[in-house]
Amino acid sequence: MDLKPENVARVFPGRAMLVKFFPCSNMRMIAAGNKSGNIAFWNVDWEDENGDGIYLYRPHEAPISGILIQQHSMSKIFTSCYDGFLRVMDAEKEVFDLLHHSDDTIFCLSQQASNLRSLYFGEGLGGLNMLDIRTRKCSKSWHLHERRISTIDFNSQNPNIMATSSTDGTACIWDLRRMSANKPQTLKTVSHSRAVTAAYFSPSGNSLATTSYDDKVGIISGNNYEDISMIYHNNQTGRWLSSFR
């Protein structure tokens, strides 16, 4: 495998917190966020000699924790940040509008493919909120973990099935239809010996992969996610790089 120079770009200064690919096949476009609150867009296929295809903005004042691009409405891009702000970018106007502000740190952002009117975000010590985009208010809230939620992901085949990972050392699978406000019960809890940095479903929805600082990658599969395999992998990225996910 070779890495070509034209496929490498420095899109912003400082450490990258996350990278997202635009959900389209007619161009290779990347959105990335860094520790200083910058959002960069890179058109990898850019061929104009007058530019490099990189567009840089600074809508936030702290580390970027989420970038969300809807497949059927790519001109509107949602961002979240440790500063507690959720913003929505109008790509045509190049403007970031305030969508919501929380007094707590927002650590992650996600959305169900079947519900484009709501956003899910993790804040504070284990809190999960569902935000109504139209009213810009939280319609539902749960306390799911003892420490911060690192990632939120939805099963592509059944969007009512959600996975969360947390620095409390667990990754959990939930059924949104059965989550009570007071004491929500998990469908499955996967334990690591250290903080879990991510939990993502496979494209088929048949399995879940977890990563952790305990140098294990977990693979959870089966009809009821009853099969758990832990595979050794060096997940340590060092002080200056973002967590392995």
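Net charge dipole, region 92-213: roughly 380 debye, given to the nearest 20, about the Cα centre with Cβ charges of +1 for Lys and Arg and -1 for Asp and Glu.
Divide the volume of the convex hull around the Cα atoms of region 81-208 by the residue count and you get 117 Å³ per residue. Dividing the mean sequence gap of close Cα pairs (under 8 Å, 6+ apart) by how many residues the chain holds gives a relative contact order of 9 percent.
Please list, by residue number, everything in region 27-62 whose backbone N is under 11 Å from a paramagnetic label point 7 Å out along Cα→Cβ of ASP2. Under 11 Å, as judged by backbone N against the label point of ASP2, lies no residue of region 27-62.
Residues VAL88, VAL8, arranged from fewest to most other Cβ atoms within 10 angstrom of their Cβ, appear as VAL8, VAL88. Counting other Cβ atoms within 10 Å as a rough exposure proxy, the listed residues CYS138, CYS81 run CYS138, CYS81 from fewest neighbours to most.
Could you list, in their original order, any pairs among LYS4/LYS35; LYS35/LYS137; LYS35/LYS93; LYS76/LYS216; LYS4/LYS93; LYS76/LYS183 whose Cα atoms are separated by more than 30 Å? Where the Cα-Cα span goes over 30 Å, the pairs concerned are LYS76/LYS216; LYS4/LYS93; LYS76/LYS183.
Overall size of the chain from C-alpha positions, given as principal axis extents largest first: 55, 47, 33 Å. Per residue, the average separation of C-alpha pairs within less than 8 Å and at least 6 apart gives region 65-157 a relative contact order of 20 percent. Rounded, prolate or oblate for region 151-198? Axes are the square roots of the Cα gyration tensor eigenvalues, ordered a ≥ b ≥ c, and the cut-off for rounded is a/c under 1.5. Taking the square roots of the gyration eigenvalues as a ≥ b ≥ c, region 151-198 is oblate.
Classification of region 82-122 by its C-alpha gyration tensor yields an oblate form. The axis ratio a/c (a ≥ b ≥ c) is 1.5 or more, and b/c is at least a/b.
Coordinate-derived values only; no laboratory data. Everything numeric in this text was worked out from a predicted model, so none of it was measured. Heads up, the Cβs are rebuilt from the backbone with ideal geometry, glycines too, and the neighbour counts pull from every protein chain shown.
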